[in-house]
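See structure below.
Just so it is clear, none of the values below were taken in a lab; they were calculated from the coordinates. Since this is a predicted model, take the numbers as computed values, not measurements. No Cβ is skipped: glycine too gets one built from the backbone with ideal geometry, and neighbour counts run over all protein chains shown.
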Amino acid sequence: MSTGVQEAIDAIARGEIVILTGDRLRGGDIDFCAAASLVTTEHITFMATHGRGLICLTLPSERAMGLGIRLINPSTERQTGRPFGNSIEAREGVTTGISAADRAHTIRTAVAPGATSSDLVSPGHVFPLITRSGGVDARMSAAEGSVRLCSLAGVGDAGVICSIMRDDGEMARLRDVQPLIEKFNLKVCDISQLSEGAA
């Protein structure tokens, strides 16, 4: 394991946010990533403030099915290739569902040990992405990368990601967020370094 990847794994294990690069399906977009099992109100607020993209819960397909989450469009017709499941909300413990605290609660509820579909309602304000079996070796995207990173960190097999936009609304590249990396001491990990072959 390279030094950079190990630093990212250690950061995720400590409950920190890292940056994932190398998504081959989205033209170089970059994402914030945190462990779903450790997500807090502060994580969601940070992602919404500095990332500005859609905040998603990433789940392996087996876990998603256990929660009653299915692909919105499993067919090949009118397919974008984005593996979104039906949006969710915690059945209990939320108000409007959209606040940072409510979204963090929904995510923790979904990934809690023993969680089932009865713990969730739909539609909601948390957007699941269902990853492929085979992980980053099957699909080199931020969703699979986040699940792999969290698994390596020993904090479960689900992540929270948020794509990062610049102030002008265009999608950010790593050079655009260097001041943010330095200010918050964020670790950076390329998804390609998380493949089974690279481990």
Neighbour-count ranking [beta-carbon atoms within 10 angstrom, fewest first] of Phe84, Phe184 = Phe184, Phe84
remark   = Listing Thr96, Thr40 by rising number of other beta-carbon atoms within 10 angstrom, fewest first, gives Thr96, Thr40
query = Per the Debye formula with a single identical scatterer at each Cα and no solvent contribution, what log10 I(q)/I(0) holds for the range 16-88 at q = 0.11, 0.14, 0.22, 0.23 Å⁻¹?
reply = -0.34, -0.56, -1.20, -1.24
task = Filter the GluC sites (Glu not before Pro) in the range 91-199 down to the DSSP loop ones having no more than 11 other Cβ atoms within 10 Å, then list what survives.
result = Glu92, Glu170, Glu196
Length added when fully stretched, Ser195-Glu62, from 0.36 nm per residue minus Cα-Cα = 45.9 nm
inquiry  = What's the longest uninterrupted piece of the chain once you rule out the trypsin sites (Lys or Arg not before Pro) that are loop residues per DSSP with at most 15 other Cβ within 10 Å?
reply    = 92-165
ask   = Given that just one value was derived from the coordinates, which of (i) 0.94; (ii) 1.06; (iii) 0.99 is Rg/Rh (Cα atoms, Kirkwood Rh)?
value = (i)
request  = State the extension gain, in nm to one decimal, for the chain segment bounded by Ala115 and Leu25, taking 0.36 nm per residue of separation less the distance between their alpha-carbons.
outcome  = 29.3 nm
Extension gain, Arg175 back to Asp137 (0.36 nm per residue minus Cα-Cα distance, nm) = 11.1 nm
query = Which FRET efficiency value, to the nearest 0.05, do you get for Asp10 and Glu42 by plugging their Cβ-Cβ distance into 1/(1 + (r/R0)^6) with R0 = 25 Å?
reply = 0.85
ask   = Which one of Ala8, Leu67, Thr109 is farthest out on the positive end of the charge dipole of the chain, using unit charges on Cβ (Lys, Arg +1; Asp, Glu -1) and the Cα centre as origin?
value = Leu67
query = For Met65, Met140, Met47, what ranking results if the residue with the fewest other Cβ atoms within 10 Å of its Cβ goes first?
reply = Met65, Met140, Met47
ask   = Where does helix 142-153 land angle-wise versus the long Cα axis of the chain, in degrees 0 to 90, nearest 10?
value = 80 degrees
ask   = Could you give the distance between the Cα centres of the range 43-112 and the range 115-138, to the whole Å?
value = 6 Å
ask   = Treating the beta-carbon of each Lys and Arg as +1 and of each Asp and Glu as -1, no other charges, what is the dipole magnitude of the range 3-193 about its Cα centre, to the nearest 20 debye?
value = 280 debye
remark   = Tilt, helix 100-111 to longest principal axis of the chain (alpha-carbon atoms), in degrees rounded to tens, equals 80 degrees
